[in-house]
1. Sort out for me the helices (runs of 4 or more DSSP H) sitting completely within the stretch 1-93 that have 1 or more residues that are among the basic types (Lys, Arg), modelled with pLDDT of 95 or more and within 16 Å of the ligand (Cβ to nearest atom).
2. Would it be correct to say that THR160 is of a type in the set (Val, Ile, Thr), surrounded by fewer than 22 Cβ atoms within 10 Å (Cβ to Cβ) and either farther than 27 Å from ASP303 by Cβ or out of contact with any strand residue (DSSP E or B) (no Cβ under 9 Å at 6 or more places or on another chain) (or both)?
3. Just the residues that are over 17 Å from VAL298 (Cα atoms), surrounded by fewer than 24 Cβ atoms within 10 Å (Cβ to Cβ) and in contact with a strand residue (DSSP E or B) (Cβ under 9 Å, 6 or more places away or on another chain), please, taken from the stretch 230-246.
4. Scan the stretch 75-108 residue by residue and report those that are touching a helix residue (DSSP H, G or I) at 6+ places or on another chain (Cβ under 7 Å), within 14 Å of SER134 (Cα to Cα) and surrounded by fewer than 23 Cβ atoms within 10 Å (Cβ to Cβ).
5. Quick one: how many residues across the stretch 149-184 are of a type in the set (Gly, Ala, Ser), more than 13 Å from the ligand (Cβ to nearest atom) and either more than 27 Å from MET9 (Cα to Cα) or in a loop (DSSP other than H, G, I, E, B) (or both)?
Amino acid sequence: DKAGHKHYMAKEIAEQPVVVAEAIRSCLPAASDRICLPGEDLDFSKLDRLTMVACGTAFYACLTAKYWFERLAKMPVEVDIASEFRYREPPIPERSLALFVSQSGETADTLAALRYCEGKADKIVSVVNVPESSIARESDLALPIHAGVEIGVASTKAFTCQLAVLLMLALKAAADRGTLTDEELADHAAALRGLPSALNTALEQDNSIRVAAQRLSEARDVLFLGRGLMYPLAMEGALKLKEISYIHAEGYASGELKHGPIALIDKNMPVVVMAPRDVLFDKTVSNMQEVMARKGKVILVSDDEGIAEAQDGVWATIRMPYVHPSLTPILYAVPAQLLAYHTAVAKGTDVDQPRNLAKSVTVE
Ligand code: F6R
């Protein structure tokens, strides 16, 4: 049942305000600013490091969470893709938490990586959408993301729900380790409660995103750029686009531009720049100007202030509401998903069942 949408992917993108609210409620009780995990409680003051492992979109959720755990909880974090991690024989130091993120809970490489950590890590925690799955069952603690069944092969609502749960886990770690003040924790709690309404506002930008996507559908290659929390999201945006529109896309850290990819820029190269008006904004804008100086066509995704400051000469803008800087990857996932969706629709590809892809990868 597509609930009036043309594709499951469109329905699942549109569900995000509701399911993300559900995910937030599962760890943030209404009357409190403190994160309270369902099931067994974890004490991050007894842990020194975090190892996160996943594949694909779930891996980009882990890369995003690395920024949160480092900045908010001051914890060293290692992140890897499961197919590399499992064969590398990585040492797992004492007082480590091993964290596995998987929508299906059945991804073969992620499950093998989990088994590798058994008996080595202090605790094995998973963040899953299917509570009965193998990965959930073999974890000490499985945190559900509450996304509901995801049918579109390209992951959308599972990604934003994974991010919401991972951010709350990082806030729990910050509270346990005393690395954020009560005021900072309360700010994050308030921001999380406001997130579903910001996601609704992002969805209302559908028309301007469709116009930008119409232009993208003519491209052979597309670059996505971002810094900080927007860097993993740039890679996720590129993955979404290549999966369903078959347009070649790459996500890069903006600061890497001049170390290679700038050679690709010409008038045929659209560049999607994810740039909320945060502390890194000016740096990203200067990279964006380097793109425009070489006639690259920029699609700028930013908030009111960012667009007012930087829109001169850009090809298209996509306007996001302002949110707390920690929450931008969850919000900016929506335009990344909608850009890929509308580009694929414009090209007439099979959005829900892209060629060569399976929803659950149970063989390595
Ligand atoms: C991308 C996508 C895949 C999955 C990956 C991991 O849109 O859906 O990259 O994210 O195959 O799957 P799970 O999360 O089920 O382990």
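The values are calculated or read from the model by the stated rules, or taken from the named source; none is laboratory data. Please read these numbers as outputs of a predicted model, since none were measured by experiment. Counting neighbours? That spans all protein chains shown, and the Cβs are built from the backbone with ideal geometry, glycine included.
1. On the way: elements: 8-14, 16-27, 56-73, 82-88.
Filter on the stretch 1-93 gives 8-14, 82-88.
2. Values: of a type in the set (Val, Ile, Thr): yes; surrounded by fewer than 22 Cβ atoms within 10 Å (Cβ to Cβ): no; either farther than 27 Å from ASP303 by Cβ or out of contact with any strand residue (DSSP E or B) (no Cβ under 9 Å at 6 or more places or on another chain) (or both): yes.
The answer is no for THR160.
3. LEU239, LYS242
4. GLU106, the sole residue that qualifies.
5. First, the residues of the stretch 149-184 that are of a type in the set (Gly, Ala, Ser): 152, 154-155, 158, 164, 170, 173-175, 178.
In the following step, the residues that additionally are more than 13 Å from the ligand (Cβ to nearest atom) were identified as 164, 170, 173-175, 178.
From the residues that got through so far, the ones that are either more than 27 Å from MET9 (Cα to Cα) or in a loop (DSSP other than H, G, I, E, B) (or both) too are 170, 173-175, 178.
The total comes to 5.
A quick yes/no check of all residues on (1) touching a residue at least 60 places away in the same chain (Cβ under 8 Å); (2) surrounded by fewer than 18 Cβ atoms within 10 Å (Cβ to Cβ); (3) among the polar types (S, T, N, Q); (4) touching a helix residue (DSSP H, G or I) at 6+ places or on another chain (Cβ under 6 Å):
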| residue | (1), (2), (3), (4) |
| --- | --- |
| HIS259 | no, yes, no, no |
| LEU280 | no, no, no, no |
| LYS297 | yes, no, no, no |
| ASP304 | no, yes, no, no |
| GLN311 | no, yes, yes, no |
| ILE318 | yes, no, no, yes |
| PRO321 | yes, yes, no, yes |
| ALA333 | yes, no, no, yes |
| ALA336 | yes, no, no, yes |
